[in-house]
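The values are calculated or read from the model by the stated rules, or taken from the named source; none is laboratory data. In this text the structure is predicted, and so the values were computed from the model without any measurement. Here Cβ is always computed from backbone atoms with ideal geometry, including for glycine, and neighbour counts include all displayed protein chains.
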Amino acid sequence: MTETNQSAFTLIKGDDGIATLLMDVPGESMNTLKAEFGDEISAMLDDIEADKSIKGVVLASGKKGSFVAGADITMLAACKTAEEAEVLSKGGQAVFDRIQNMRTTFVAAIDGPALGGGLELALACHYRVCSESSKTVVGLPEVQLGLLPGSGGTQRLPELIGIQQAMQLILTGKQVRAKQAKKLGIVDDVVPPSILLDVAKEFAAKSKPHRSGPKLNLLGKVLEQTSFGRNFLFKQARKQTNAKTRGNYPAPNMILDVLEASEGKACKRGYQLEAELFGKLVMTPESEQLRHIFFATTEMKKETGVEGVDPAKINKVGVLGGGLMGGGIAFVSAVKAGTPARIKDVRPEGIANAMKYSYDLLNKKVKRRHMKKSEMQKQLALLTGTLDYSGYKDVDMVIEAVFEDLDLKQKMVADIEENCNESTIFATNTSSIPIHKIAAKAARPENVIGLHYFSPVDKMPLAEVIVHEKTSDETISTTVEYARRQGKTPIVVQDGAGFYVNRILAPYMNEAANILLSGEPVKHVDAALLDFGFPVGPMKLLDEVGIDVGSKISPILQADLGDRFKAPDAFDKLLADDRKGKKNKRGIYLYSGKKPGKEVDESVYELLGIKVNKTLSREQIAERCALLMLNEAAMCLDEGLIRSARDGDIGAIFGIGFPPFLGGPFHYMDTLGIKHVVARLEHYQGQFGDRFAPAESLKRMAEEGKTFY
């Protein structure tokens with residue numbers, strides 16, 4: 001057996017004629033494909049081609065549990081023109097095309113993520129075998145960066161699994177697990193990690209396969225193999241795509257352009273268009289902003305809560321309150337973080353509901369065969385319940401999710417200090433009550449911190465870690481690290497009314513209500529902000545969150561921060577009519593009939609004394625609402641409420657769905673120009689009063705020509 005070393009690649013030749021080509025990028029935890037690897041791979045392929053004793057090659061990773069996480073997207077930032085980016089794409093295509101056309105049989109042995117360029121590399125191989133490890137996923141997530149797969153993914157995947165299945169994976173960026181990948185036809189076999197290389201070598205000893213195309217049912221054949229069917233398929237796909245993107249993201253339509261051009265079969269025209277449109281997308285502002293977000297979140301994963309302060313180990317948590325939030329927190333603690341979670345509630349039903357929350361989510365995975373029943377039972381075993389504080393003596397962190405009542409929360413702090421150890425962290429999931437007030441009577445205020453989740457907890461990626469002046473550095477670092485273990489992206493926020501996310505959301509929501517009360521129809525207001533790029537309109541959001549919940553935040557903010565947070569009377573009138581929104585099926589929208597939550601309850605207009613008269617354009621509505629959010633974000637940064645513009649952008653995108661393609665409030669202000677933002681705020685200040693008064697920091701920046709980035 002002989003070895004040839006070349007940087008990230010090692011060729012190991014076996015006596016049986018099967019070689020193993022190991023990829024192991026030095027100094028990195030995950031393999032990524034870099035442009036400079038092109039010459040190295042080509043030289044390695046030359047050696048394989050020249051050595052007639054090599055009958056098959058297994059392509060594997062030298063990193064356990066990680067195949068290839070994708071291409072190194074930092075190289076895209078160096079591209080100054082679309083043509084330069086197109087050259088990168090064509091370089092990847094050429095290398096992978098060469099692998100596919102080698103005389104030797106190539107087999108990808110996939111253990112861990114094979115994403116983006118990693119999957120494109122695997123697709124160029126003649127066979128693919130993957131491990132059944134829970135870490136093993138395959139997918140083409142480029143669309144999430146405003147791009148399309150640029151190294152043959154748009155050509156090889158449809159040819160392998162059909163246009164419809166490929167379209168769904170490429171348009172959504174969805175990642176699929178091993179068994180699902182085999183069911184779809186992406187991989188040829190799924191085996192335990194311990195025998196992955198052995199099985200891959202068996203495939204490598206075979207001849208190259210003669211694939212007859214994807215297995216399609218009769219409808220699939222009509223839709224994919226006739227011109228009439230394909231025309232119908234792509235027409236519907238464009239219609240659905242445009243309804244979702246509302247024209248804000250160019251990548252999905254360009255993906256459809258490439259798929260339609262190649263008609264489900266890899267072809268020269270398809271490859272050329274893939275490279276050309278990849279180059280164009282790299283240069284779009286949308287992709288640039290989405291890549292900024294990717295780099296920002298990657299950077300944040302490396303940071304501790306307080307620089308130089310190590311987090312303490314969290315081995316067990318307690319969750320106070322078995323409501324919707326408590327159930328979600330217990331789920332991410334046990335299932336995502338893998339820590340035993342003990343739920344305390346005053347009623348057995350509360351504990352049962354919290355347990356059911358996790359059971360329902362996990363059982364759905366079992367039914368879809370994404371998880372074994374034994375694994376579900378193992379994870380559910382981490383959840384226990386109690387009506388008193390038994391089993392709390394050894395918890396390292398207690399996360400409180402009881403009602404928004406200051407006296408109750410202060411009592412919870414006292415109970416935990418009495419029933420837990422001296423180092424137990426008390427993390428409160430309050431959405432509005434300042435943390436220093438909750439810690440006011442604490443014997444150990446240094447252990448008290450805010451940990452604000454967003455609903456639904458299992459899906460929303462953000463967590464606000466809120467610190468008051470007495471919170472210890474170790475408590476901060478420990479809470480940030482544990483939130484990450486729960487699958488969250490945490491931002492550290494200083495204590496203050498509404499914290500960051502709710503504080504910037506409140507003036508936006510209030511302005512939407514003001515516009516509604518002026519006569520603009522509900523759907524017109526919501527459509528304006530959907531067009532702007534928010535995932536849900538403000539009136540629909542109010543119904544979803546709960547009108548009763550929304551009404552509680554503005555008075556707290558108004559008391560601490562002044563009259564610009566004064567909410568319109570609309571909230572009181574809605575609540576007086578027992579309209580809490582979706583939760584009690586009485587809100588701004590109707591929750592009965594064939595399309596619950598889709599149509600407006602027209603009686604709202606009479607209740608609020610509104611004479612409907614559409615006078616504003618969607619652009620005017622969006623500008624008024626968004627400007628108040630931008631202005632408030634600038635004030636939060638100036639006051640030191642958030643640590644950086646980057647944290648403010650990530651908080652707004654992950655917490656309330658600020659349009660990702662705009663990069664967040666601070667990136668967006670830079671794009672618009674600070675002078676323009678100030679001028680538009682002053683314009684509306686003249687019309688509607690001081691709630692539009694520009695932040696002093698913005699006026700200073702405009703005068704000095706400064707930007708946030």
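Summary table
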{"item": "Residue under evaluation ASP345, criteria (1) out of contact with any strand residue (DSSP E or B) (no Cβ under 8 Å at 6 or more places or on another chain); (2) assigned by TED's automatic domain parsing to the domain that holds SER455, criterion not met", "result": "(1)"}
{"item": "Residue satisfying all of: in region 188-215; in contact (Cβ under 8 Å) with a residue 24 or more places away in the chain and in a helix (DSSP H, G or I); nearest to GLN100 (Cα to Cα) among these", "result": "ALA204"}
{"item": "Odd one out for VAL604, checked against (1) among the β-branched types (Val, Ile, Thr); (2) over 30 Å from the mean Cα position of the chain (by Cα); (3) buried (at least 21 other Cβ atoms within 10 Å of the Cβ); (4) closer than 29 Å to GLN685 by Cβ", "result": "(4)"}
{"item": "Residues of region 451-469 classified as in contact with a Leu (Cβ under 9 Å, 6 or more places away or on another chain) and more than 17 Å from GLY651 (Cβ to Cβ), total", "result": "2"}
{"item": "The lone exception for ALA497 - which of (1) within 21 Å of LEU324 (Cβ to Cβ); (2) modelled with pLDDT under 95 it fails", "result": "(1)"}
{"item": "Residue within region 264-284 that is touching a Pro at 6+ places or on another chain (Cβ under 6 Å), closer than 26 Å to SER212 by Cα and either aromatic (Phe, Trp, Tyr) or buried (at least 18 other Cβ atoms within 10 Å of the Cβ) (or both) present", "result": "yes"}
{"item": "Count of region 643-664 residues which are hydrophobic (A, V, I, L, M, F, W, C) and in a loop (DSSP other than H, G, I, E, B)", "result": "1"}
{"item": "Criterion violated by THR304 - all others in (1) assigned to a loop (DSSP other than H, G, I, E, B); (2) crowded, with 19+ Cβ neighbours inside 10 Å; (3) not charged (D, E, K, R) satisfied", "result": "(2)"}
{"item": "Region 256-273 residues that are free of Cβ contacts under 8 Å to residues at least 60 places away in the same chain and closer than 21 Å to GLN168 by Cβ, paired with ones that are among the small types (Gly, Ala, Ser) and in a helix (DSSP H, G or I) (beta carbon under 6 Å, 6 or more apart)", "result": "ALA261/GLY270; LEU273/ALA261"}
{"item": "Flag for ALA506 being in contact with a Gly (Cβ under 7 Å, 6 or more places away or on another chain), surrounded by 23 or more Cβ atoms within 10 Å (Cβ to Cβ) and small (Gly, Ala, Ser)", "result": "yes"}
{"item": "Hey, GLN155 under 19 Å from LEU259 (Cα atoms), in contact (Cβ under 8 Å) with a residue 60 or more places away in the chain and among the polar types (S, T, N, Q) or not", "result": "yes"}
{"item": "Residue among ALA181, ALA166 that alone is surrounded by 18 or more Cβ atoms within 10 Å (Cβ to Cβ), within 30 Å of GLU83 (Cα to Cα) and within 29 Å of the chain's Cα centre (by Cα)", "result": "ALA166"}
{"item": "Number of positions in region 497-541 that are under 22 Å from the mean Cα position of the chain (by Cα), more than 16 Å from GLU599 (Cβ to Cβ) and free of Cβ contacts under 8 Å to residues at least 60 places away in the same chain", "result": "1"}
{"item": "Matching option when the condition is under 16 Å from CYS625 (Cα atoms) and either assigned by TED's automatic domain parsing to the domain that holds TYR453 or surrounded by fewer than 22 Cβ atoms within 10 Å (Cβ to Cβ) (or both), among GLY664, GLY640, GLY657", "result": "GLY657"}
{"item": "Identity of the residue in region 513-538, of a type in the set (A, V, I, L, M, F, W, C) and over 17 Å from ASN613 (Cβ atoms), that ends up surrounded by the fewest Cβ atoms within 10 Å (Cβ to Cβ)", "result": "VAL536"}
{"item": "Region 607-630, subset among the charged types (D, E, K, R) and surrounded by fewer than 16 Cβ atoms within 10 Å (Cβ to Cβ), residue farthest from GLU682 (Cα to Cα)", "result": "LYS611"}
{"item": "Some residue of region 217-233 being without any contact (Cβ under 8 Å) to a residue 24 or more places away in the chain, surrounded by 15 or more Cβ atoms within 10 Å (Cβ to Cβ) and among the charged types (D, E, K, R)", "result": "no"}
{"item": "Of residues in region 132-159 being crowded, with 24+ Cβ neighbours inside 10 Å and in contact with a Pro (Cβ under 7 Å, 6 or more places away or on another chain), the one nearest to GLY279 (Cα to Cα)", "result": "GLU142"}
{"item": "Per-region count, region 425-456, residues out of contact with any His (no Cβ under 9 Å at 6 or more places or on another chain) and surrounded by 21 or more Cβ atoms within 10 Å (Cβ to Cβ)", "result": "8"}
{"item": "When residues of region 100-117 are limited to those that are within 26 Å of HIS210 (Cβ to Cβ) and surrounded by 24 or more Cβ atoms within 10 Å (Cβ to Cβ), the one nearest to the chain's Cα centre (by Cα)", "result": "ALA114"}
{"item": "Contacts under 7 angstrom Cβ, first residue in region 675-687 being touching a residue at least 60 places away in the same chain (Cβ under 8 Å), partner aliphatic (A, V, I, L, M) and part of a helix (DSSP H, G or I), 6 or more apart", "result": "TYR684/LEU627"}
{"item": "Residue in region 355-372 that is assigned by TED's automatic domain parsing to the domain that holds LYS488 and over 27 Å from the mean Cα position of the chain (by Cα) present", "result": "no"}
{"item": "In region 184-225, residue nearest to the chain's Cα centre (by Cα) [restricted to those that are of a type in the set (Ser, Thr, Tyr) and closer than 23 Å to GLY14 by Cα]", "result": "SER194"}
{"item": "Residue check for LYS706: part of a loop (DSSP other than H, G, I, E, B) and basic (Lys, Arg)", "result": "yes"}
{"item": "ILE650 being out of contact with any Lys or Arg (no Cβ under 8 Å at 6 or more places or on another chain) and of a type in the set (A, V, I, L, M)", "result": "yes"}
{"item": "Which listed residue is surrounded by 14 or more Cβ atoms within 10 Å (Cβ to Cβ), assigned by TED's automatic domain parsing to the domain that holds LEU160, in contact with a Gly (Cβ under 7 Å, 6 or more places away or on another chain) and more than 23 Å from ALA181 (Cα to Cα), from ILE54, ILE12, ILE48", "result": "ILE54"}
{"item": "Spans of helices (runs of 4 or more DSSP H) in region 534-635 with at least 3 residues at pLDDT below 95 and among the β-branched types (Val, Ile, Thr)", "result": "547-561"}
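Listed here are the residues, each with its yes/no results for (1) modelled with pLDDT of 95 or more; (2) under 24 Å from LEU148 (Cα atoms).
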| position | (1), (2) |
| --- | --- |
| ARG238 | yes, yes |
| MET254 | yes, yes |
| GLY264 | no, yes |
| GLY270 | yes, yes |
| PRO285 | yes, yes |
| GLU307 | no, no |
